[in-house]
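Participant: Below are the structure tokens for one structure; questions will follow.
The values are calculated or read from the model by the stated rules, or taken from the named source; none is laboratory data. Since the model is a prediction, treat every value here as computed from it, not as a measurement. Glycine also receives a Cβ, built like all others from the backbone with ideal geometry; neighbour counts cover every protein chain displayed.
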Amino acid sequence: MMMPYLTIAPSEKGGRGVFTTRNIAAGTVIEISPVIVLTSKERKTIEKTKLFDYIFEWGTRRRFGCLALGYVSLYNHDYNSNCDYEMDFEHKVMTIKTVKSVKKGVELSINYNAEPNNKTLVWFHKKIKP
């Protein structure tokens with residue numbers, strides 16, 4: 001299930017992102033997407049490819065990975081995101097829900113730390129020391 005007012009467009013955050021073509025109230029489910037679950041071995045292989053930036057850790061112990069279908073893998077990261085995601089391991093789906101009101105034309109974002117306001121640096125913001 002994907003709301004018809006979601007659209008993909010170029011993002012200032014980088015690459016493409018998910019945007020809304022109408023105002024959305026806080027607490028609105030905007031997408032429920034099936035996922036393709038990867039074994040830990042498959043995840044390690046995928047992490048060596050361009051798909052690394054589009055997969056999520058999966059499972060209660062986070063050993064597996066998943067590739068979400070729909071738009072889920074295209075939501076960009078924000079430390080103060082306007083959406084949150086929930087993983088349903090039993091039904092193999094991810095749900096995106098707004099955590100605050102979002103105005104028409106605004107990019108929808110999730111926090112890759114799995115909590116809307118978690119400020120822990122994500123992998124692409126961590127500095128690699130020589």
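Participant: Out of the range 32-48, which residues are over 17 Å from residue 112 (Cβ atoms) and either without any contact (Cβ under 8 Å) to a residue 12 or more places away in the chain or buried (at least 20 other Cβ atoms within 10 Å of the Cβ) (or both)?
Facilitator: Here is the first cut: in the range 32-48, the residues over 17 Å from residue 112 (Cβ atoms) are 32, 34, 36-42, 44-45, 48.
Across the range 32-48, the qualifying residues are 38, 41, 44, 45, 48.
Participant: Same structure again: Give just the number: which of (1) crowded, with 17+ Cβ neighbours inside 10 Å; (2) at pLDDT 95 or above; (3) not charged (D, E, K, R) does residue 29 not satisfy?
Facilitator: (1)
Participant: Please go through the range 49-83 and pick out each residue that is in a strand (DSSP E or B) and either among the hydrophobic types (A, V, I, L, M, F, W, C) or free of Cβ contacts under 8 Å to residues at least 24 places away in the same chain (or both). Break it down stepwise before answering.
Facilitator: Looking only at the range 49-83, we keep the residues that are in a strand (DSSP E or B), and these are 55-58, 64-68, 76-77, 83.
Answer for the range 49-83, where residues must be in a strand (DSSP E or B) and either among the hydrophobic types (A, V, I, L, M, F, W, C) or free of Cβ contacts under 8 Å to residues at least 24 places away in the same chain (or both): 55, 56, 57, 58, 64, 66, 67, 68, 83.
Participant: Which residue out of 31, 90, 42, 86 is among the acidic types (Asp, Glu), more than 21 Å from residue 14 (Cβ to Cβ) and either part of a loop (DSSP other than H, G, I, E, B) or in contact with a helix residue (DSSP H, G or I) (Cβ under 9 Å, 6 or more places away or on another chain) (or both)?
Facilitator: Values: 31 fails: more than 21 Å from residue 14 (Cβ to Cβ); 42 fails: either part of a loop (DSSP other than H, G, I, E, B) or in contact with a helix residue (DSSP H, G or I) (Cβ under 9 Å, 6 or more places away or on another chain) (or both); 86 fails: either part of a loop (DSSP other than H, G, I, E, B) or in contact with a helix residue (DSSP H, G or I) (Cβ under 9 Å, 6 or more places away or on another chain) (or both).
So the residue among 31, 90, 42, 86 that is among the acidic types (Asp, Glu), more than 21 Å from residue 14 (Cβ to Cβ) and either part of a loop (DSSP other than H, G, I, E, B) or in contact with a helix residue (DSSP H, G or I) (Cβ under 9 Å, 6 or more places away or on another chain) (or both) is 90.
Participant: From the set of residues in the range 107-121 that are hydroxyl-bearing (Ser, Thr, Tyr) and in contact with a His (Cβ under 7 Å, 6 or more places away or on another chain), which is farthest from residue 22 (Cα to Cα)? Working first, answer last.
Facilitator: Filtering the range 107-121 for residues hydroxyl-bearing (Ser, Thr, Tyr) gives 109, 112, 120.
Cutting the leftovers down to in contact with a His (Cβ under 7 Å, 6 or more places away or on another chain) gives us 109, 112.
Details: 109: 15, 112: 24 Å.
Ranking the qualifying residues of the range 107-121, first place goes to 112.
Participant: What number goes with the only condition from (1) in contact with a helix residue (DSSP H, G or I) (Cβ under 8 Å, 6 or more places away or on another chain); (2) in a loop (DSSP other than H, G, I, E, B); (3) not hydrophobic (A, V, I, L, M, F, W, C) that residue 13 does not pass?
Facilitator: Status for residue 13: all satisfied but (1).
Participant: Also, quick follow-up: Select from the range 63-93 the residues that are over 20 Å from residue 119 (Cα atoms) and among the charged types (D, E, K, R) and write down the one among them that is surrounded by the most Cβ atoms within 10 Å (Cβ to Cβ).
Facilitator: So in the range 63-93, the residues over 20 Å from residue 119 (Cα atoms) come out as 63-74, 87-93.
Remaining after also requiring among the charged types (D, E, K, R): 63, 88, 90, 92.
Numbers: 63: 11, 88: 11, 90: 6, 92: 15.
Applying the filter and picking the extreme gives 92.
Participant: Tell me which residues, restricted to the range 68-79, are closer than 17 Å to residue 38 by Cβ and under 10 Å from the mean Cα position of the chain (by Cα).
Facilitator: Matches in the range 68-79: 68, 72, 73.
Here is a yes/no grid of residues against (1) at negative phi; (2) among the β-branched types (Val, Ile, Thr):
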{"residue": "13", "(1), (2)": "yes, no"}
{"residue": "24", "(1), (2)": "yes, yes"}
{"residue": "36", "(1), (2)": "yes, yes"}
{"residue": "46", "(1), (2)": "yes, yes"}
{"residue": "60", "(1), (2)": "yes, yes"}
{"residue": "70", "(1), (2)": "no, no"}
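Participant: Quick check on the range 93-115: of everything there that is farther than 19 Å from residue 53 by Cα and not in a strand (DSSP E or B), which residue is nearest to the chain's Cα centre (by Cα)?
Facilitator: 99
Participant: Quick check on residue 63: is it among the charged types (D, E, K, R) and touching a helix residue (DSSP H, G or I) at 6+ places or on another chain (Cβ under 7 Å)?
Facilitator: Values: among the charged types (D, E, K, R): yes; touching a helix residue (DSSP H, G or I) at 6+ places or on another chain (Cβ under 7 Å): yes.
So residue 63 passes the test.
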